[in-house]
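The values are calculated or read from the model by the stated rules, or taken from the named source; none is laboratory data. No experiment lies behind these values; they were computed from the predicted model shown. Neighbour counts run over all protein chains shown; Cβ positions are idealised from the backbone, glycine included. Calculation scope for accessible area: heavy atoms of the full protein, side chains included, ligands and nucleic acids excluded. Shrake-Rupley method; radii C 1.70, N 1.55, O 1.52, S 1.80 Å.
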Amino acid sequence: MSTKDFIEKDFYKVLGVPKDATEAEIKKAYRKLAREFHPDANKGNVKAEERFKEISEANDVLGDAKKRKEYDEARALFGNGGFRPGPGAGGGNFNFDLGDLFGGNAQQSGGGFGGGIGDVFGGLFNRGGAGGTTRTQPRRGQDVDTEVTLSFTEAIEGATVPLRMTSQAPCKACSGTGDKNGTPRVCPTCVGTGQVARGSGGGFSLTDPCPDCKGRGLIAEHPCLECSGSGRAKSSRTMQVRIPAGVTDGQRIRLRGKGAPGERGGPAGDLYVTVHVGEHPVFGRKGDNLTVTVPVTYPEAALGGEVRVPTLGGPAVTLKLPPGTPNGRTMRARGKGAVRKDGSRGDLLITVEVSVPKDLSGKARDALQAYREATAEEDPRAELFEAAKGD
């Protein structure tokens, strides 16, 4: 919607409410009309669709206290599309261009008029300040993606790693202006904002990057040879980045403000780091818990005992095996796992694996033979065959 349309349209009339209507009255009127003229309730009715757009447009302005105030001030100055001179204006004929007024260059015969028109519309159209001075908008830097590979221990404990990044930064040859003489001009299409309005049928909320200046708000008359007038050039830098403890393989970390620098005082973009984690020869991971498989002898499993178990980066812990511990049983050492987000640690899950010796000495063989004879009447597979018979 153009500024001229903004002034000429009577949004109060569109909603059917008086100029002193309360916020609740405006909301009630809008909801009633929106239900009546909604496209879903008037399929194929072009007039109803246009009416719904007008209603939405009016509500977008009058339903917002700030926009409504600016709209009322603009209407008070211009009336129904025409300028209303105040006292001392001389009462003469006024020859002016509406576009000049919005730019702050209005002239009139018979009296003076301040350059505050731009301020009235600045909040709605983001165009300029007092006196029509156009201000190019700050531009946020681009986000940067990179990858890093950590060892298993570094991922658990956290690490500071150097990252070499290549990103877009202000061109050094033209100081980021895009013009080899350092004197770019304001883009006439977007008036330096870098954005152009896109009709949505419901107000001023939808904007797109300006196609002429590519969102910069500036156009280089004499494009810089290094950056081809973009004002941006590739820049490489190495920075130390802290990877928090407890990251997992494939996790993507966001570091605010560590991306490409912004333009014209705009904030830097963000840095996104995808983490790859190497394997460990002993430990594994399951969520916030670490895992380890510990071999035990048959006597330790059968008779019970104490077994020392290594931990990642810390002293060993002693695991007490109860008599008759089966192969594959998992036990827990609390607080010996990975670091959680709240700073606490997960657990170490210890799986017992009964080790069967490949070679036996004569004494050991005799002892096992004696054990076999002592337990010959016990059949560990009896229940298995019984269950296999079924009902």
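Some observations on this one:
- The residue that is nearest to Lys9 (Cα to Cα), among those in the stretch 26-45 that are assigned to a helix (DSSP H, G or I) and either in contact with a His (Cβ under 6 Å, 6 or more places away or on another chain) or modelled with pLDDT under 85 (or both), is Pro39.
- Boolean, Val309 is in contact (Cβ under 8 Å) with a residue 24 or more places away in the chain, open to solvent by 50 Å² or more (accessible area, probe 1.4 Å) and either on the phi < 0 side of the Ramachandran plot or in contact with a Cys (Cβ under 6 Å, 6 or more places away or on another chain) (or both): no
- Considering Ala316, Ala338, Ala333, Ala302, the condition of being closer than 24 Å to Glu147 by Cβ and either touching a strand residue (DSSP E or B) at 6+ places or on another chain (Cβ under 9 Å) or of a type in the set (A, V, I, L, M) (or both) is satisfied by Ala338 alone.
- Of all residues making up the stretch 263-276, the number that are over 20 Å from Leu163 (Cα atoms) and among the small types (Gly, Ala, Ser): 2
- Conditions (1) free of Cβ contacts under 8 Å to residues at least 24 places away in the same chain; (2) surrounded by 10 or more Cβ atoms within 10 Å (Cβ to Cβ): number failed by Glu353: (1)
- The condition of being of a type outside the set (Ser, Thr, Tyr), open to solvent by 50 Å² or more (accessible area, probe 1.4 Å) and modelled with pLDDT under 85 holds for only one of Glu23, Glu73, that being Glu73.
- Annotation: of all residues in the stretch 277-299 being of a type in the set (Gly, Ala, Ser) and in contact (Cβ under 8 Å) with a residue 40 or more places away in the chain, the one that is least open to solvent (accessible area, probe 1.4 Å) is Gly278.
- Residue pairs whose Cβ atoms lie under 6 Å apart, separated by 6 or more positions or on different chains, with the first residue in the stretch 160-184 and of a type outside the set (A, V, I, L, M) and the second in a strand (DSSP E or B) and open to solvent by 70 Å² or more (accessible area, probe 1.4 Å), are Thr160/Gln240; Thr160/Arg242; Pro162/Thr238; Pro162/Gln240; Arg164/Thr238; Thr166/Lys234.
- Criterion violated by Thr274 - all others in (1) among the hydroxyl-bearing types (Ser, Thr, Tyr); (2) more than 17 Å from Ser151 (Cα to Cα); (3) surrounded by fewer than 16 Cβ atoms within 10 Å (Cβ to Cβ) satisfied: (2)
- Given (1) touching a Leu at 6+ places or on another chain (Cβ under 7 Å); (2) part of a strand (DSSP E or B), number of the condition Pro295 does not satisfy: (1)
- Candidate set: the stretch 229-270, residues that are open to solvent by 40 Å² or more (accessible area, probe 1.4 Å) and closer than 21 Å to Gln195 by Cα; chosen: the one farthest from the chain's Cα centre (by Cα): Ser230
- Looking only at the stretch 44-70, and only at residues there that are among the polar types (S, T, N, Q) and in contact with a Gly (Cβ under 9 Å, 6 or more places away or on another chain), the one that is nearest to Ala21 (Cα to Cα): Asn59
- Failed criterion for Val17 (all others in (1) assigned to a loop (DSSP other than H, G, I, E, B); (2) open to solvent by 70 Å² or more (accessible area, probe 1.4 Å) hold): (2)
- Residues of the stretch 143-196 satisfying the condition of being in a strand (DSSP E or B) and loosely packed, with under 15 Cβ neighbours inside 10 Å: Asp145, Glu147, Thr149, Thr160, Pro162, Arg164, Thr166, Arg185
- When restricted to residues that are open to solvent by less than 60 Å² (accessible area, probe 1.4 Å) and either at pLDDT 50 or above or within 24 Å of Arg35 (Cα to Cα) (or both), the stretch 76-95 contains 3.
- The residue of the stretch 271-287 that is nearest to Asp143 (Cα to Cα), among those that are under 25 Å from the mean Cα position of the chain (by Cα) and not hydroxyl-bearing (Ser, Thr, Tyr), is Leu271.
- Checklist (1) open to solvent by 30 Å² or more (accessible area, probe 1.4 Å); (2) more than 15 Å from Ile156 (Cα to Cα) applied to Thr325, failing item: (1)
- Residues within the stretch 336-379 that are within 60 Å of the chain's Cα centre (by Cα) and assigned to a loop (DSSP other than H, G, I, E, B), tallied: 14
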